[in-house]
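To start, the structure under review is shown below, and the notes come after it.
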Amino acid sequence: MTKKDIVLKISNETKMKQQDVKKVVQKTLDSIVESLTNGQTVELRNFGIFKVKSRRGRTGRNPRTGQVVPVPPKKVVVFKPGLEMKKLVK
């Protein structure tokens, strides 16, 4: 499912204009990204939690040459589904 599919579905169910729905969906996604960028956790009840985790640096290996390569530490976004989502997906 794409963002466009979400916009179309909401637009059809609410009878709102697609342009208005698209603005709301995009603003919602922008707000989530902005919060994560600021190091905040985003919790959507019955859906899940988005948060930023730090990964330690490690040593990796180039698969072509076999040469050892250092992999620097980095931050990644993780998602933990809520209980309602877990029940429905099972």
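The values are calculated or read from the model by the stated rules, or taken from the named source; none is laboratory data. Since this is a predicted model, take the numbers as computed values, not measurements. Glycine also receives a Cβ, built like all others from the backbone with ideal geometry; neighbour counts cover every protein chain displayed.
If you go through segment 6-28 and keep only what is surrounded by 12 or more Cβ atoms within 10 Å (Cβ to Cβ) and not β-branched (Val, Ile, Thr), you end up with 8, 9, 11, 16, 18, 20, 22, 23, 26.
Taking the conditions (1) part of a strand (DSSP E or B); (2) modelled with pLDDT of 95 or more in turn, residue 28 satisfies each one other than (1).
Considering segment 1-11, the residues that are part of a helix (DSSP H, G or I) and without any contact (Cβ under 8 Å) to a residue 24 or more places away in the chain include one that is nearest to residue 85 (Cα to Cα), namely 6.
Please enumerate the residues belonging to segment 7-31 that are of a type outside the set (Lys, Arg) and in contact with a helix residue (DSSP H, G or I) (Cβ under 6 Å, 6 or more places away or on another chain). Across segment 7-31, the qualifying residues are 7, 10, 11, 18, 21, 25. For segment 19-43, the set of residues classified as more than 22 Å from residue 74 (Cβ to Cβ) and among the β-branched types (Val, Ile, Thr) consists of 21, 24, 25, 28, listed by residue number. If you go through segment 12-51 and keep only what is closer than 20 Å to residue 82 by Cβ and among the small types (Gly, Ala, Ser), you end up with 31, 35, 48.
Every condition in (1) more than 17 Å from the chain's Cα centre (by Cα); (2) at pLDDT 95 or above; (3) of a type in the set (A, V, I, L, M) holds for residue 33 except the one numbered (1).
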